[in-house]
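Asker: What follows is a single structure, and I will ask about it in a moment.
The values are calculated or read from the model by the stated rules, or taken from the named source; none is laboratory data. Keep in mind that this is a model prediction, so the values were computed, not measured. A quick note on method: Cβ atoms are made from the backbone with ideal geometry, for glycine too, and the neighbour counts reach across all protein chains shown. SASA here: full protein model, heavy atoms, side chains in, ligands and nucleic acids out. Shrake-Rupley method; radii C 1.70, N 1.55, O 1.52, S 1.80 Å.
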Amino acid sequence: PRRPAGRATADAMFTRGIAIAACVAVVAACAFAPAAAEQEEAITLYYFNSRGRAESVRLMLEALGLEYTDHRFVGDEWKDEWKHSGRFAFEQVPGLRWCPTKTSENDCVDLVQSLTIMRFLDRKYGAYGKLDATTQTFVDMIAEGAADLRSKYGALAYSATAQEDLPKYLEETIPTWLGHFERLLDPQQSVVRKHTGITTYFGGEQPTYGDIHLWQALDLNYRVGGDALFAPFPRLRAFYDAVRANARIGNYEASDRIPPHANGAGAFLDNEANPAPFAPAARAEL
């Protein structure tokens, strides 16, 4: 949706946003920049066969329409062949190799750290590189806040008492953090909105890596909390639905390329041994 001329009250603008909710899917499906007709660069993502910390990067690659190889380590491959190869700073993943051509490994760039990788891709191919410095800083702030939310989830998911602690987490931790992001979408309260105006995404009408990283953190929690999670937070729910409505993300989520579980075998939530109650397959069985 385009911003109307003149000033409008926050309530009027929010009402307008609800009224055009039926159009959000169409807007979101076209929001990301189109992929190049023929991609010259070679891109390889390295991670395990779970969503984990690589899933935001996968979503960024998918949303940008980029061709990439999703290298998923099998068995002891990471430990035996890759961890000490010198390719991965800090000897951890996700890692991304970007090469300017598919025919040569000269001048390739090897990156680690999810947010660093996403920011690189968004600056090079997406909306982030076109934003002014202040808006970029707000996008960075949203991404870092999403990382904090994700850390709260990770501490729960990899705790042996995760199942017992989940109700308290959903009742106390999640409302606090979703409340932070809800306020950042409220034009009456948000320092971000004072700069960007009333827009679908945090950085404007084009989604950025900050939106993708936040969406993935929200989705992790949605898979264990369901629709009730968003009931007190209508703006955040509209944001979540707008990102999910993107055609490229939707196609990826419906494909067999997406890992079935959020976490690896060492977790106690949303893995093969402990399926998420509100994952799509589980919802379909209700």
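Asker: Being under 20 Å from the mean Cα position of the chain (by Cα) and either open to solvent by 50 Å² or more (accessible area, probe 1.4 Å) or charged (D, E, K, R) (or both) is the filter here, so list the residues in the range 98-119 that pass it.
Answerer: Result: 113, 116, 119.
Asker: Additional query: Please return the ranges of helices (runs of 4 or more DSSP H) entirely within the range 157-221 where 2 or more residues are closer than 30 Å to residue 265 by Cβ and touching a helix residue (DSSP H, G or I) at 6+ places or on another chain (Cβ under 8 Å).
Answerer: Of the helices (runs of 4 or more DSSP H) lying wholly inside the range 157-221, those with at least 2 residues that are closer than 30 Å to residue 265 by Cβ and touching a helix residue (DSSP H, G or I) at 6+ places or on another chain (Cβ under 8 Å) span 162-168, 174-184.
Asker: When you scan the range 66-91, how many residues do you find that are open to solvent by 50 Å² or more (accessible area, probe 1.4 Å), assigned to a loop (DSSP other than H, G, I, E, B) and farther than 24 Å from residue 211 by Cα?
Answerer: 8
Asker: Follow-up. Out of the residues in the range 40-65 meeting the condition of being buried (at least 17 other Cβ atoms within 10 Å of the Cβ) and polar (S, T, N, Q), tell me which one is nearest to the chain's Cα centre (by Cα).
Answerer: 56
Asker: Continuing with the same structure: Let me spell it out: the conditions are (1) under 18 Å from the mean Cα position of the chain (by Cα); (2) surrounded by fewer than 17 Cβ atoms within 10 Å (Cβ to Cβ); (3) not aromatic (Phe, Trp, Tyr), and residue 127 meets all of them except one. Which number is the exception?
Answerer: All conditions pass for residue 127, except number (2).
Asker: Could you grab me the full set of residues in the range 197-219 that are at pLDDT below 85 and either under 18 Å from residue 243 (Cα atoms) or touching a Ser or Thr at 6+ places or on another chain (Cβ under 9 Å) (or both)?
Answerer: 198, 199, 200
Asker: Do we have any residue at all in the range 243-254 that's outside any helix (DSSP H, G or I), at pLDDT below 95 and farther than 28 Å from residue 135 by Cβ?
Answerer: Yes, that holds for at least one residue.
Asker: So, in the range 30-79, exactly how many residues are touching a strand residue (DSSP E or B) at 6+ places or on another chain (Cβ under 8 Å), farther than 23 Å from residue 217 by Cβ and either of a type outside the set (Ser, Thr, Tyr) or modelled with pLDDT under 95 (or both)?
Answerer: Selection size over the range 30-79: 6.
Asker: Does the range 186-196 contain any residue that is within 22 Å of residue 118 (Cα to Cα) and not acidic (Asp, Glu)?
Answerer: yes
Asker: Say whether the condition of being open to solvent by less than 40 Å² (accessible area, probe 1.4 Å), more than 12 Å from residue 236 (Cβ to Cβ), touching a residue at least 24 places away in the same chain (Cβ under 8 Å) and touching a Ser or Thr at 6+ places or on another chain (Cβ under 8 Å) is met by at least one residue in the range 177-196.
Answerer: yes
Asker: Evaluate the following for residue 267: is it open to solvent by less than 10 Å² (accessible area, probe 1.4 Å), within 18 Å of the chain's Cα centre (by Cα) and farther than 16 Å from residue 177 by Cβ?
Answerer: So residue 267 does not fit the description; no.
Asker: Right, another one. Are there any pairs, at least 6 apart or on different chains, whose C-beta atoms fall under 7 Å, with the first in the range 154-168 and touching a residue at least 12 places away in the same chain (Cβ under 8 Å) and the second open to solvent by 30 Å² or more (accessible area, probe 1.4 Å) and part of a helix (DSSP H, G or I), and if so, which?
Answerer: As it stands, the answer is 156/165; 159/165, since those pairs meet every condition given.
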